[in-house]
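A.B. asks: Let me begin by handing over the structure; questions about it come next.
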Amino acid sequence: MTSPTDPRIVATRVGSTPDLLGESPLWDDRRQRLYWVDGVSRVIRFHEPATGAEGQIAMPSIIGSIGLCEDGRLVAGLFDGIHLVDPDTGTLAPLHVPPKNERMRFNDGKVDREGRFVCGGMGVFAEPVGELVRVDGTGRAEVLANGIRISNSLCFSPDGRTMYFSDSLDRFVRAYDYENGELARPRVFADTQQFNSGPDGATVDAEGYVWVALVNVGKIARFAPSGKLERLMPAPTDMPSCVAFGGPDLTTLYVTSIKDSGSGRAISRHPQGGYLFAVDGLGVTGLAEPRMRLTAGGPADA
């Protein structure tokens, strides 16, 4: 599938099965493998471009996001908390499980440049009950923000000193100074109301530009570090949910999408809704994802 506006851009469908709620594409540069999640189906999926191998890892609950760990495991935001996942066996180890709250589940998350997992919660019924938490390698958690309805667009500048984040229902991507363990100087980075969409998942490329999935209008936007729109392009399906760079040279933009989120808020009308796509020919390079630094003797090793 080539872009109608630029024939150099080619989108290729990946995998044989559509996701109900595809999210959190994640390139593992060591294994040359792409991971992503189908939150509603409760699985982590993977695909290896070099061999065509694909598979999935069953999870015990809805899963919102994943990150890489230094020891080869994945860190995952499940409904109830943050867990470590062995991708070869599917074995789980809890890292941070807060008091039970059936009104909130964990959603979008990323490992920051210091090796900690930052994950935002969301209201199961889009109530403002979500928290943004940062979990270190010992399992210690710190709440960075609260009152969130649907956490999304979480990513970090190349130097790690700026964090981008959104509550999708506000239709803003905000930027924060992110230093010394604190969030400071919140400001509007991008107003996606102008595109008639809330912001969904996001990533940062090697030039510090921010790519955002505009889930309500089937488009992907690239913003300069200043917040200025650099490009707006059609997504391969009508409900793109998240983006990430991958491939051997980090020049492929992987795009997850939604078929039916299960909430009634997002149902695709596209014949290829829910599939993962690889978009090539963008002329942009991504960044290798940081890995969570785990501490021996922490709760996950108990």
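A.B. asks: Taking the range 51-72 only, how many residues are of a type in the set (A, V, I, L, M, F, W, C) and in a strand (DSSP E or B)?
C.D. replies: 6
Residue-by-condition table, conditions (1) in contact with a helix residue (DSSP H, G or I) (Cβ under 6 Å, 6 or more places away or on another chain); (2) buried (at least 21 other Cβ atoms within 10 Å of the Cβ); (3) small (G, A, S):
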{"position": "I66", "(1), (2), (3)": "no, yes, no"}
{"position": "D71", "(1), (2), (3)": "no, no, no"}
{"position": "K110", "(1), (2), (3)": "no, yes, no"}
{"position": "S151", "(1), (2), (3)": "no, yes, yes"}
{"position": "F156", "(1), (2), (3)": "no, yes, no"}
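A.B. asks: Okay, next question. Only residues that are part of a strand (DSSP E or B) and out of contact with any Pro (no Cβ under 8 Å at 6 or more places or on another chain): list them for the range 15-34, please.
C.D. replies: Within the range 15-34, L21, G22, E23, S24, P25, L26, W27, D28, R33 qualify.
A.B. asks: Test of understanding: among L250, L287, which residue is over 22 Å from D177 (Cα atoms) and either surrounded by fewer than 23 Cβ atoms within 10 Å (Cβ to Cβ) or not basic (K, R) (or both)?
C.D. replies: Being over 22 Å from D177 (Cα atoms) and either surrounded by fewer than 23 Cβ atoms within 10 Å (Cβ to Cβ) or not basic (K, R) (or both) holds for just one of L250, L287, which is L250.
A.B. asks: How many residues are among the small types (G, A, S), assigned to a strand (DSSP E or B) and touching a residue at least 12 places away in the same chain (Cβ under 8 Å) when one looks only at the range 151-185?
C.D. replies: Residues meeting the conditions: 4.
A.B. asks: If I ask for residues that are touching a residue at least 60 places away in the same chain (Cβ under 8 Å), of a type outside the set (A, V, I, L, M) and in a loop (DSSP other than H, G, I, E, B), which ones from the range 197-209 would you list?
C.D. replies: Within the range 197-209, E207, Y209 meet the criteria.
A.B. asks: Taking the range 78-93 only, how many residues are part of a loop (DSSP other than H, G, I, E, B) and in contact with a Ser or Thr (Cβ under 7 Å, 6 or more places away or on another chain)?
C.D. replies: Count: 2.
A.B. asks: Let me ask something else. Within the range 220-271, track down each residue that is out of contact with any Gly (no Cβ under 7 Å at 6 or more places or on another chain), part of a loop (DSSP other than H, G, I, E, B) and among the charged types (D, E, K, R).
C.D. replies: K228, D249, R265, R269
A.B. asks: Which one of these is part of a strand (DSSP E or B), crowded, with 24+ Cβ neighbours inside 10 Å and either out of contact with any Leu (no Cβ under 9 Å at 6 or more places or on another chain) or without any contact (Cβ under 8 Å) to a residue 40 or more places away in the chain (or both): V188, V212?
C.D. replies: That would be V212, the only listed residue that is part of a strand (DSSP E or B), crowded, with 24+ Cβ neighbours inside 10 Å and either out of contact with any Leu (no Cβ under 9 Å at 6 or more places or on another chain) or without any contact (Cβ under 8 Å) to a residue 40 or more places away in the chain (or both).
A.B. asks: Evaluate the following for S166: is it closer than 20 Å to G81 by Cβ, crowded, with 20+ Cβ neighbours inside 10 Å and hydroxyl-bearing (S, T, Y)?
C.D. replies: Spelling it out, it is not the case that S166 is closer than 20 Å to G81 by Cβ, crowded, with 20+ Cβ neighbours inside 10 Å and hydroxyl-bearing (S, T, Y).
A.B. asks: Here are the criteria: (1) free of Cβ contacts under 8 Å to residues at least 24 places away in the same chain; (2) in a loop (DSSP other than H, G, I, E, B). Tell me which single one G147 does not satisfy.
C.D. replies: Only one criterion is unmet by G147, namely (2).
A.B. asks: Residue under question is R171, and the condition is that it be basic (K, R) and in contact with a helix residue (DSSP H, G or I) (Cβ under 6 Å, 6 or more places away or on another chain); does it hold?
C.D. replies: yes
A.B. asks: From the list S151, S157, which residue is under 19 Å from the mean Cα position of the chain (by Cα) and under 19 Å from T256 (Cα atoms)?
C.D. replies: Selected residue: S151, the only one of S151, S157 that is under 19 Å from the mean Cα position of the chain (by Cα) and under 19 Å from T256 (Cα atoms).
A.B. asks: Checking T12 against (1) within 23 Å of R269 (Cα to Cα); (2) without any contact (Cβ under 8 Å) to a residue 40 or more places away in the chain, only one condition comes out false. Which one?
C.D. replies: The number of the failed condition is (2).
A.B. asks: Moving on to the next point. Do we have any residue at all in the range 76-98 that's buried (at least 20 other Cβ atoms within 10 Å of the Cβ), under 23 Å from D29 (Cβ atoms), free of Cβ contacts under 8 Å to residues at least 40 places away in the same chain and of a type in the set (A, V, I, L, M)?
C.D. replies: Among the residues of the range 76-98, at least one is buried (at least 20 other Cβ atoms within 10 Å of the Cβ), under 23 Å from D29 (Cβ atoms), free of Cβ contacts under 8 Å to residues at least 40 places away in the same chain and of a type in the set (A, V, I, L, M), which makes the answer yes.
A.B. asks: Since A126 meets every condition but one in (1) modelled with pLDDT of 95 or more; (2) in contact with a Leu (Cβ under 9 Å, 6 or more places away or on another chain), which condition does it not meet?
C.D. replies: The single condition A126 does not satisfy is (1).
A.B. asks: Please pick out the residue among V75, V37 that is part of a strand (DSSP E or B), out of contact with any Asp or Glu (no Cβ under 7 Å at 6 or more places or on another chain) and of a type in the set (V, I, T).
C.D. replies: After ruling out the rest, the residue left standing is V75.
The values are calculated or read from the model by the stated rules, or taken from the named source; none is laboratory data. Keep in mind that what you see is a predicted model, and the values were worked out from it rather than measured. Cβ coordinates were reconstructed from backbone atoms using ideal geometry, including for glycine residues, and neighbour counts include every protein chain displayed.
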